[in-house]
Amino acid sequence: MRLKTKYELGKIPHSEHPLPQAKRENWACLNGVWKLRKYDSDGNVAYEGNILVPFSPETLNSGVEEGFALLTGEVLEYVRTVKVDQTLLLGVTKLRFGAVDHECEVYCNGVKVGSHKGGFTAFEADVSEVLREGENEMKVLCRDEGTRNGAGRGKQSDKRGGIWYTPQSGIWQTVWLESMPKNHIRNLKITPNALEKTVKIQSDCNGEEQEIVVFDDGKEILRARYTDETELSYDFTLWSPETPKLYDVTITGESGDTLYSYFGVRDFGKTQDKKGIARLTLNGKPYFFNGVLDQGYWSDGMLTYPSDQAAVDELTMLKEMGFNTVRKHIKIEPMRWYYHCDRLGLIVWQDFVNGGGEYKFTHVAAFPFLGFHHRDDDYKYFARENEGGRVAFKQEAEETLRQLYNCVSLGVWVPFNEGWGQFDSAEMTEYVRKEGGGRIIDSVSGWHDQGEGKTELKSLHTYYTPLRVPKDSRPVVLSEFGGYSMKTASHVYDEEKEFGYKKFKTQEDLLVALKKLYEKKLSPLIQKGLCGCIYTQVSDVEEEINGLVTYDREIIKIPIAKMAKINAGVDEAARKAFEE
């Protein structure tokens, strides 16, 4: 089996509606060819050509020359003309962006209409006053100091290598226009309650009454009218990876604005089993989260997967392998990715995008391996002295929580990973608990645990030491483990450099080792209290060669049926543990 990874020439990339959680009919995709200029720090033109949006100029799929990089003080200028008709002039028209890395200003017909900081969250600019019928010029100016000023950068680094990756810049998710009446629906929040089988719908239409209609496989099952919020009750089929049931929704305001959305009814939580062992739950029952770490990097598009089908193929592969969970690592994906997790049935553990100053190896790696956990109000220790950086992290966290709130599959929030830019995690946990829609919180994944009573999980990263379940009142998870590596000649980023935790020469050796890891070392821990595991990782990424598939997605290292059989054993071990 070969995963579909290539962008199809001659087609507008990512032309599907970018927001399945809140669609409107009147919209236009602005992906495709834009004019690109790069200005150096003195304002001189350093590059000029075309770029294929939404691929960053550093990527192969962008069409920009190899070796392109945006340096300190430099600016990217994107320009294109857009032909607009009356269907995009309904009263309010917004220019929307899935993500731009890292800072940008937006212009329409020469007028500045908006700006944004933060390279991973969506934003919009109101162009209603300047947009006109016929030709319109759109311009976006981008700067990217995110790898240098402590802003949220994820795994990007100017000093790439090992677990750090080549940085990119500019527009890397879909750009689109969307038009709606002046009185239009905003701030849609969907909050399910699986135990009560209810769903709370909240939205604002400037005081207008709204009508909601719910469909089950095309058949209307509920209809209600409300102004600000309503609670729907029905014998809903509960969502789970085994039964990923979704219900379609339309919401219409009195002025004619209509949103198309969907929901699933589920609940993530914690409990104690009959033996008093802390467990994680799905829909009120103990559930074992068996997942894989997903960096979301691609050889030809880097942060941007080449096509919607490429994302579907990879997620489908993980389902067929028997995984029920994906940990999205230090990245926020396009909203369609979460939609596919919703409909396919894969629980998402969502990392926030970390930032801060330069990470010291001794502080964030060596000392924790020796069992030392430092208090995270010591900002200097975690390279978080810069108050502006801490404020920016909180702002981006707020945007992340709001943007992903309605994602059915999202079951766990992960604010901090391995001490990277960690600070005030107990305070952040309380904030996420208040705003995060009832999800579980893995506050400090891996290291620098702040102790029982301050965070919800005992979260371990175990690569070099034996797997174990320490005594703790909180649910225990292996939020990273494994990382078994195998180099696949001609399918690697660098033939000379490779990074992995335990290396194998052949697929047969890798399979035998993986089988032993799950059957002999991991599965017995479920009875002792292990609540979830996240294997590292889905794919190779640059020098990392510890993926289940290669970086170019052409070789699946572990046969799908073999991995499915291994995971079936994990499921059986969980079933027995929960029945006792």
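The values are calculated or read from the model by the stated rules, or taken from the named source; none is laboratory data. Since the model is a prediction, treat every value here as computed from it, not as a measurement. Don't worry about glycine lacking a Cβ; one is built from the backbone with ideal geometry, like all the others, and counts go over all protein chains shown.
Looking at the structure I just gave you, is S233 exposed (fewer than 14 other Cβ atoms within 10 Å of the Cβ) and either farther than 30 Å from E320 by Cβ or more than 27 Å from the chain's Cα centre (by Cα) (or both)?
yes
Under the condition of being touching a strand residue (DSSP E or B) at 6+ places or on another chain (Cβ under 8 Å) and aromatic (F, W, Y), which residue from segment 424-476 is nearest to Q395 (Cα to Cα)?
Once the filter is applied, the top-ranked residue is W447.
Name the residues in segment 166-181 that are surrounded by fewer than 23 Cβ atoms within 10 Å (Cβ to Cβ) and modelled with pLDDT under 95, would you?
T166
How many residues are touching a His at 6+ places or on another chain (Cβ under 7 Å) and in a loop (DSSP other than H, G, I, E, B) when one looks only at segment 45-93?
1
If we scan segment 274-289, do we find a residue that is surrounded by fewer than 16 Cβ atoms within 10 Å (Cβ to Cβ), at pLDDT 95 or above, in contact with a helix residue (DSSP H, G or I) (Cβ under 9 Å, 6 or more places away or on another chain) and within 20 Å of G438 (Cβ to Cβ)?
Yes, some residue in segment 274-289 is surrounded by fewer than 16 Cβ atoms within 10 Å (Cβ to Cβ), at pLDDT 95 or above, in contact with a helix residue (DSSP H, G or I) (Cβ under 9 Å, 6 or more places away or on another chain) and within 20 Å of G438 (Cβ to Cβ).
Suppose we keep only residues that are touching a Lys or Arg at 6+ places or on another chain (Cβ under 9 Å) and under 24 Å from V353 (Cβ atoms) within segment 73-97. Which one would you say is modelled with the lowest pLDDT?
Checking each candidate, the answer is G73.
Return the residue satisfying two criteria in turn: it lies in segment 182-196 and is surrounded by fewer than 16 Cβ atoms within 10 Å (Cβ to Cβ) and touching a Ser or Thr at 6+ places or on another chain (Cβ under 8 Å), and of such residues it is farthest from E229 (Cα to Cα).
That would be K182.
Using beta carbons and a limit of 9 Å, which pairs, at least six apart or on different chains, have the first residue in segment 376-393 and closer than 18 Å to V444 by Cβ and in the same structural domain as S445 (by TED's automatic domain parsing) and the second one among the β-branched types (V, I, T) and not in a helix (DSSP H, G or I)?
Listed by first residue and then by second, the contacts come to D376/V444; F393/V353.
Exactly one of (1) hydrophobic (A, V, I, L, M, F, W, C); (2) surrounded by 21 or more Cβ atoms within 10 Å (Cβ to Cβ); (3) more than 28 Å from the chain's Cα centre (by Cα) is unmet by V199. Its number?
Status for V199: all satisfied but (3).
If you scan segment 457-480, which residues turn out to be closer than 23 Å to L401 by Cβ and surrounded by fewer than 22 Cβ atoms within 10 Å (Cβ to Cβ)?
Scanning segment 457-480 gives a single hit, R474.
In this structure, is G296 buried (at least 18 other Cβ atoms within 10 Å of the Cβ) and not assigned by TED's automatic domain parsing to the domain that holds F352?
Against the criterion (buried (at least 18 other Cβ atoms within 10 Å of the Cβ) and not assigned by TED's automatic domain parsing to the domain that holds F352), G296 does not qualify.
Within the bounds of segment 336-345, is there any residue that is outside the structural domain of P244 (by TED's automatic domain parsing), over 23 Å from S169 (Cβ atoms), in a loop (DSSP other than H, G, I, E, B) and basic (K, R)?
no
Out of everything in segment 74-104 that is of a type in the set (S, T, Y) and farther than 20 Å from P181 by Cα, what residue ends up being surrounded by the most Cβ atoms within 10 Å (Cβ to Cβ)?
Here the answer is Y78.
For segment 370-416, which residues satisfy the criterion of being part of a loop (DSSP other than H, G, I, E, B) and among the acidic types (D, E)?
D376, D377, D378, E385
Counting just the residues of segment 15-73 that are among the β-branched types (V, I, T) and touching a strand residue (DSSP E or B) at 6+ places or on another chain (Cβ under 9 Å), which one comes out surrounded by the fewest Cβ atoms within 10 Å (Cβ to Cβ)?
V45
Among the residues of segment 257-290, which ones are in contact (Cβ under 8 Å) with a residue 12 or more places away in the chain and of a type in the set (S, T, N, Q)?
Hits for segment 257-290 are T258, S261, T271, T281, N283, N290.
Let me spell it out: the conditions are (1) farther than 22 Å from S445 by Cβ; (2) surrounded by 23 or more Cβ atoms within 10 Å (Cβ to Cβ), and Q309 meets all of them except one. Which number is the exception?
All conditions are met except number (2).
Out of all the residues in segment 323-334, is one or more out of contact with any helix residue (DSSP H, G or I) (no Cβ under 8 Å at 6 or more places or on another chain) and either modelled with pLDDT under 95 or among the aromatic types (F, W, Y) (or both)?
no
Return the residues of segment 424-450 that are outside any strand (DSSP E or B) and in contact (Cβ under 8 Å) with a residue 60 or more places away in the chain; say none if nothing qualifies.
Across segment 424-450, the qualifying residues are G437, G438, R439, D442, G446, W447, H448, D449, Q450.
Being over 24 Å from V549 (Cβ atoms) and under 22 Å from the mean Cα position of the chain (by Cα) narrows it down to one of L293, L346, L282, so name that one.
Result: L282 is the single residue among L293, L346, L282 that is over 24 Å from V549 (Cβ atoms) and under 22 Å from the mean Cα position of the chain (by Cα).
Restricted to segment 424-447, and to residues that are in contact with a helix residue (DSSP H, G or I) (Cβ under 6 Å, 6 or more places away or on another chain) and not charged (D, E, K, R), which residue is surrounded by the most Cβ atoms within 10 Å (Cβ to Cβ)?
By that ranking, first place goes to V444.
I need a count of the residues in segment 150-209 that are part of a loop (DSSP other than H, G, I, E, B) and of a type in the set (V, I, T).
Number of matching residues: 4.
Go through segment 482-580 and tell me which strands (runs of 3 or more DSSP E), entirely inside it, have 1 or more residues that are of a type outside the set (A, V, I, L, M, F, W, C), over 26 Å from the mean Cα position of the chain (by Cα) and surrounded by fewer than 20 Cβ atoms within 10 Å (Cβ to Cβ).
In segment 482-580, 502-504 are the strands (runs of 3 or more DSSP E) which contain 1 or more residues that are of a type outside the set (A, V, I, L, M, F, W, C), over 26 Å from the mean Cα position of the chain (by Cα) and surrounded by fewer than 20 Cβ atoms within 10 Å (Cβ to Cβ).
Results for (1) out of contact with any Pro (no Cβ under 9 Å at 6 or more places or on another chain); (2) more than 24 Å from Q295 (Cβ to Cβ); (3) among the hydroxyl-bearing types (S, T, Y), shown as yes or no for each residue.
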position: K520; (1), (2), (3): yes, yes, no
position: G532; (1), (2), (3): no, no, no
position: E543; (1), (2), (3): yes, no, no
position: D552; (1), (2), (3): yes, no, no
position: I556; (1), (2), (3): yes, no, no
position: A564; (1), (2), (3): yes, no, no
position: V570; (1), (2), (3): yes, no, no
position: R575; (1), (2), (3): yes, yes, no
